[in-house]
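**Q** After the structure tokens below, expect a handful of questions from me.
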Amino acid sequence: MFLNDELESKLKLACTENNYNCDNLFVEFSNAPQLADFQSNIAFFISKTVKLPPIKIAEQLACTLNSKNYENFIFSIAGAGFLNISLTNIGLSYYANKILINKDFCVKKTNTPKLIFLDYGGANIAKSLHMGHLRSPIIGEALNRLYRLLGHKTISDVHLGDWGLQMGLVIASLKSDGILDYYFKGKGNKPQITLDMLNEAYPKASLRMKEDLIFKKTAEDFTLFIQQGKQPYRKVFEEIKSVSITKIKQNYAQLNCYFDLWLGESDAEPFVEQTINIFKEKNLTQDYDGALIVNVAHEGENQPIPKKNDNDKQLYRNPMPPVFLKKSNGADLYDTSDLATIYMRNLQYSPDEIQYIVDERQGTAHFEKIFRAAKMSGISPENQILLHVGYGTMNGPDGKVFKTRDGGSIKLDDIINLVKTKAKDRLTENGIKNDDKTALSIGVAALKFCDLSNTVYKNYIFDVEKFCSFEGKTGPYIQYTGARIKSLLAKTDELDGKILINLNEEKQIVLAIFKFLDSFEACFKNHSLSTLCLSLYEICSAFSTFYNNIKILTQQNKTTRESYISLCKLVLRAIEIGLNTLAIDLPEKM
RNA sequence: GUGCCAUUAGCGCAACUGGAUAGAGCGAUUGGCUUCGAACCAAUAGGUUGCGGGUUCAAGUCCUGCAUGGCACACCA
């Protein structure tokens, strides 16, 4: 916590003076805010080793502490043995000013900066982005910014899905429709491959594959040909890739998501052979019906369960399937490219940590085995952290993965247009001169804040209404508070004054800012932005109360007026830092 | 079948290492714009934290059993 070091050292001193052991000493925000601002439960711990009731111990500590006459704090006791700490107005004012003039807003930087490699986005080439692609870039971008704010270095890679069977499927489908005659038969003019063609081809091919085994085989062959660099397959692949990337970049930019690297699975291809050789040299590979596998199961894992009927699928106790380095037809797989990618990243950047922001469903089992394989082979050095930040699925009202009525998924473009239109209507309704950029930033704020407010690993119910709701605990409410402060500050040119806290309304703002500063650590630890979202809301809520009850610019007393204005600046700065971390814009007017 | 995750107010969600009377938001009811921006503020109602046992001074939180739901489980990504 922001005041932890200071309060804990005071408490430690008091413990020492009373000859108490101060293990387990920590200070937290009060659970009974009507009684105090902070609390410590140290007396409960001390009473385990000392034969005294906790309340007596708390009393002694409070007495010792109060005898020091600290001007910023008052200590008291309550309940069974809580040691309560309140800030005086002098204390509140002191810290408010300290934060205001600090260039980092007193955001605690890390003592051990790391190089963190982030893998998020994960769009697929030849497939337009849909609802299922929302969370990874939103969460990834926010984590990226959080890490940098805390003093870490980061590299972000969009890691496009451009290397699997999907590519073979799309090309096989386009070819059978005659679109690729120029490449395959040398007939006609070079075709302009469009996004619409790709969007149509993939689902069609995907369906066809399930019934048409010859087509499936063709697609698998094509996939292999692309991977082998055979023409014209490779050329068509490159063509499709460049068409897709343009569109994907646009989509991500609308969400304020940017990447240092625009690499894909295919970029690890030059490292595949070396990667596989490492496994072979260490005798980690096995042959499995012509496929090349690595067994990563530990003792007792992946035990086959006897089948009831011969036709049943083989199931396993404590499932932990092997890593597949090569298919029996010689093609590479998801596993192969992920391992080669780790090898490549370590060769080029050797990060301290690699984080994958990937859907829990497709990630949990997969990354566990990939990480095991990477450690077994030494592709990932022992001290490198490999982490899968798995996020929950967006479910429909039935609790299952969200599907539209026709069984499909909503396109990302449609979602963005929806929230943007809704925001635009609202701007017009309020008589504010508006442009597409502002409308987009408000709509996207609603969407992103809604998503980031949820605990990252939990599934949540996708609700269109909620995604574009602008009132209450929402992104636009935060933006609105910021815009209102900006507009107010534009009306005055008074110099900054010292913040002097007197009113409860002011106190609540400062306490909310303490919580805000505290939230970064929790977010870092949990790889989740929900605590930051909440504390940002609490600042805005406290400010709105203040704003409604107190007249700022017309305040007669100059010192008080200047203090109010500085308090506004303090809040605005918090909003700016918070929204910037979440990668949400702050419009001038809305 | 095996494993992982979830279950908290009408709804969708919070609750920091186990701490005090489980919290805001939406929705509902009510009040507040002649005053710095009403995407706002204030107030009221709303709970046996899925069920049972256990550990503890203290359990939504830890352990255990059960119920319900979701997800994953061999050459898709």
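Each value in this text was obtained by applying a stated rule to the coordinates, not by laboratory testing. Bear in mind that the values here come from a model prediction, so they are computed numbers and not experimental data. Please note: Cβ atoms are built from the backbone with ideal geometry, for glycine as well, and neighbour counts cover all protein chains shown.
**Q** Please state which of the following conditions A:Ile478 fails to meet, knowing it meets all the rest: (1) touching a strand residue (DSSP E or B) at 6+ places or on another chain (Cβ under 6 Å); (2) buried (at least 21 other Cβ atoms within 10 Å of the Cβ); (3) closer than 30 Å to A:Ala36 by Cα.
**A** So the condition that A:Ile478 fails would be (1).
**Q** Which of the residues that make up the range A:319-346 are over 18 Å from A:Leu224 (Cβ atoms) and either among the acidic types (Asp, Glu) or within 7 Å of RNA strand B (Cβ to nearest atom) (or both)?
**A** Those that are over 18 Å from A:Leu224 (Cβ atoms) and either among the acidic types (Asp, Glu) or within 7 Å of RNA strand B (Cβ to nearest atom) (or both): A:Pro319, A:Pro321, A:Pro322, A:Asp338.
**Q** Can you tell me how many residues in the range A:1-25 are exposed (fewer than 14 other Cβ atoms within 10 Å of the Cβ) and within 8 Å of RNA strand B (Cβ to nearest atom)?
**A** 1
**Q** Note down all Cβ pairs under 6 Å where the first residue falls in the range A:332-350 and is in a helix (DSSP H, G or I), the second is among the hydroxyl-bearing types (Ser, Thr, Tyr) and away from RNA strand B (no atom under 16 Å from the Cβ), and they're at least six residues apart or on different chains.
**A** Every condition considered, the pairs that remain are A:Ile342/A:Ser380.
**Q** OK, next. Would you mind finding the one in A:Thr218, A:Thr194 that is under 33 Å from the mean Cα position of the chain (by Cα) and touching a residue at least 40 places away in the same chain (Cβ under 8 Å)?
**A** Result of the check over A:Thr218, A:Thr194: A:Thr194.
**Q** Can I ask one more? Condition first: of a type in the set (D, E, K, R) and over 18 Å from A:Ala512 (Cα atoms). Now tell me which residues in the range A:26-85 satisfy that.
**A** A:Lys48, A:Lys51, A:Lys56, A:Glu59, A:Lys68, A:Glu71
**Q** So, one more: Identify, please: which residue in the range A:201-211 is without any contact (Cβ under 8 Å) to a residue 60 or more places away in the chain and either more than 13 Å from A:Ser176 (Cα to Cα) or of a type in the set (A, V, I, L, M) (or both) and is, among those, surrounded by the most Cβ atoms within 10 Å (Cβ to Cβ)?
**A** If we take residues in the range A:201-211 being without any contact (Cβ under 8 Å) to a residue 60 or more places away in the chain and either more than 13 Å from A:Ser176 (Cα to Cα) or of a type in the set (A, V, I, L, M) (or both), then A:Ala205 is surrounded by the most Cβ atoms within 10 Å (Cβ to Cβ).
**Q** Here are the criteria: (1) assigned to a helix (DSSP H, G or I); (2) within 19 Å of A:Lys108 (Cα to Cα); (3) in contact (Cβ under 8 Å) with a residue 60 or more places away in the chain. Tell me which single one A:Lys507 does not satisfy.
**A** So the condition that A:Lys507 fails would be (2).
**Q** Exactly one of these conditions fails for A:Thr554: (1) part of a helix (DSSP H, G or I); (2) within 13 Å of RNA strand B (Cβ to nearest atom); (3) over 30 Å from A:Glu141 (Cβ atoms). Give me its number.
**A** For A:Thr554, the failing item is (1).
**Q** What number of residues in the range A:352-374 are over 20 Å from A:Glu269 (Cα atoms) and more than 10 Å from RNA strand B (Cβ to nearest atom)?
**A** The total comes to 5.
**Q** Please go through the range A:486-527 and give me each residue that is of a type in the set (A, V, I, L, M) and either away from RNA strand B (no atom under 11 Å from the Cβ) or surrounded by 21 or more Cβ atoms within 10 Å (Cβ to Cβ) (or both), ordered by number.
**A** A:Leu495, A:Ile499, A:Leu500, A:Ile501, A:Leu503, A:Ile509, A:Val510, A:Leu511, A:Ala512, A:Ile513, A:Leu517 - these are the residues of the range A:486-527 that are of a type in the set (A, V, I, L, M) and either away from RNA strand B (no atom under 11 Å from the Cβ) or surrounded by 21 or more Cβ atoms within 10 Å (Cβ to Cβ) (or both).
**Q** Looking only at the range A:284-318, how many residues end up being in a loop (DSSP other than H, G, I, E, B), of a type in the set (Lys, Arg) and either in contact with a Leu (Cβ under 6 Å, 6 or more places away or on another chain) or near RNA strand B (Cβ under 10 Å from one of its atoms) (or both)?
**A** Residues in the range A:284-318 being in a loop (DSSP other than H, G, I, E, B), of a type in the set (Lys, Arg) and either in contact with a Leu (Cβ under 6 Å, 6 or more places away or on another chain) or near RNA strand B (Cβ under 10 Å from one of its atoms) (or both): 2 in total.
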